[in-house]
Amino acid sequence: MADIGYDGKVAIITGAGGGLGRSHALEMAHRGARIVVNDLGGSVSGEGGDVSAAQAVVQEIEALGGEAVADTNSVATAEGGKAVVQTALDAFGTVDIVINNAGILRDKTFHNLTPELLEPVLQVHLFGAFYVTQPAWQIMREKGYGRVINTSSNSGILGNFGQANYGAAKMGLVGFTRVLANEGRKANIKVNAIAPVAKTRMTEELFGAAGDPMAPELVTPVVAYLASEDCDVTGEIYSVAGGVVARFFIGLTPGYYKRDLTVEDVRDHLDDIRDVEGFIIPEGPQDELKKLFETVSGGTEGKLS
Ligand code: NAI
């Protein structure tokens, strides 16, 4: 099979001035994508700004013979999101791929969380994905092609201590991914999420030397595949770190059924309710609803299988 290439397709990569986004930008540019390197160049907590971060990556891409343009708009507002997409249109005339990667951290245990720690985190990660993807989505729908990759995190999927703000934003991106996957199906727009682990400025203190095998370049192959025409999946979540790739999925246990369910039934049958044997992985609400309607319209009471 031929190697994966992008044949001049236009990719917006948010937060691509360093870390994971820079790595995605370099690899995809090398394979023929035209890149909008978006980054406002702030600190890990989202303070300040430095236009040189995005420009430096554009220079790296150009030095390697690729095509890229810098964009320093913040993804955190609707105007900013539109402006990022406008940069793609002005430079390259279209957009085919959006990689929502921009992010900040403002960690605090929940009882100490303030609006100043909560709101910017939701705005950059979650609202930012809405604001950049929506204007691009209109274009993708019209041309019947698109790829969207959202950067989630095990902090939300599994629940990391001290990250209620970040975890909620990252799990919000899972819902966003799954709904868009559904809505994009008919227009050949594929939407997936990654939950990466990589040694970047965001994690280097946390991981120390143990993070050395977790180079951002080992996350990029999954993103680059999901961004390609070859991508065969939609609505999925991939765990990616240090060369390991796996799939997170949302499963549903068979459960327990009783027509006149009581509080005591829940207490007494908790093990049945939680038993994972025979679980399913619903592709969408229709798969759960089908089972539910079958059961409540005359199914046998008790532990389900
Ligand atoms: P990073 O700090 O190097 O990259 C994030 C980039 O986003 C920065 O360059 C920053 O300037 C940019 N950014 C922040 N706010 C922005 C805004 N409003 N508009 C445009 N750009 C903005 O960190 P890293 O690790 O490369 O993170 C990339 C993504 O991966 C983030 O969404 C992060 O939450 C996520 N992630 C990273 C993990 C890791 O192990 N490094 C683990 C799980 C998720």
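For the reader, a short list of remarks on this structure follows.
- Condition met for residue 258 (basic (Lys, Arg), exposed (fewer than 13 other Cβ atoms within 10 Å of the Cβ) and in contact with a strand residue (DSSP E or B) (Cβ under 8 Å, 6 or more places away or on another chain)): yes
- Cβ separations smaller than 7 Å between residues 6+ apart or across chains give the following pairs from segment 256-270 residues that are at negative phi to residues that are surrounded by 11 or more Cβ atoms within 10 Å (Cβ to Cβ) and in a loop (DSSP other than H, G, I, E, B): 256/269; 256/304; 257/299; 257/301; 257/304; 258/301; 259/301; 265/258.
- Candidates are the residues of segment 127-145 that are surrounded by 22 or more Cβ atoms within 10 Å (Cβ to Cβ) and farther than 11 Å from residue 12 by Cβ; the one that is farthest from the chain's Cα centre (by Cα) is 140.
- Test: residue 218 is of a type in the set (A, V, I, L, M) and more than 14 Å from the ligand (Cβ to nearest atom): no
- Looking across segment 142-170, the residues that are touching a helix residue (DSSP H, G or I) at 6+ places or on another chain (Cβ under 8 Å) and more than 20 Å from residue 111 (Cβ to Cβ) come down to 144, 145, 146, 147, 148, 149, 150, 151, 152, 153, 157, 170.
- Residue in segment 205-215 that is farthest from the chain's Cα centre (by Cα), counting only those that are surrounded by fewer than 18 Cβ atoms within 10 Å (Cβ to Cβ) and within 14 Å of residue 242 (Cα to Cα): 209
- Counting only residues that are charged (D, E, K, R) and part of a loop (DSSP other than H, G, I, E, B), segment 27-51 holds 4 of them.
- Residue 173, sole failed condition from (1) over 22 Å from residue 284 (Cβ atoms); (2) buried (at least 20 other Cβ atoms within 10 Å of the Cβ); (3) in contact with a Leu (Cβ under 8 Å, 6 or more places away or on another chain): (1)
- Among the residues of segment 1-26, those that are near the ligand (Cβ under 9 Å from one of its atoms) and assigned to a loop (DSSP other than H, G, I, E, B) comprise 14, 15, 16, 17, 18.
- Residue in segment 53-73 that is among the hydrophobic types (A, V, I, L, M, F, W, C), surrounded by 22 or more Cβ atoms within 10 Å (Cβ to Cβ), assigned by TED's automatic domain parsing to the domain that holds residue 223 and assigned to a loop (DSSP other than H, G, I, E, B) present: no
The values are calculated or read from the model by the stated rules, or taken from the named source; none is laboratory data. Please read these numbers as outputs of a predicted model, since none were measured by experiment. Virtual Cβ from ideal backbone geometry, glycine too; neighbours counted across all protein chains shown.
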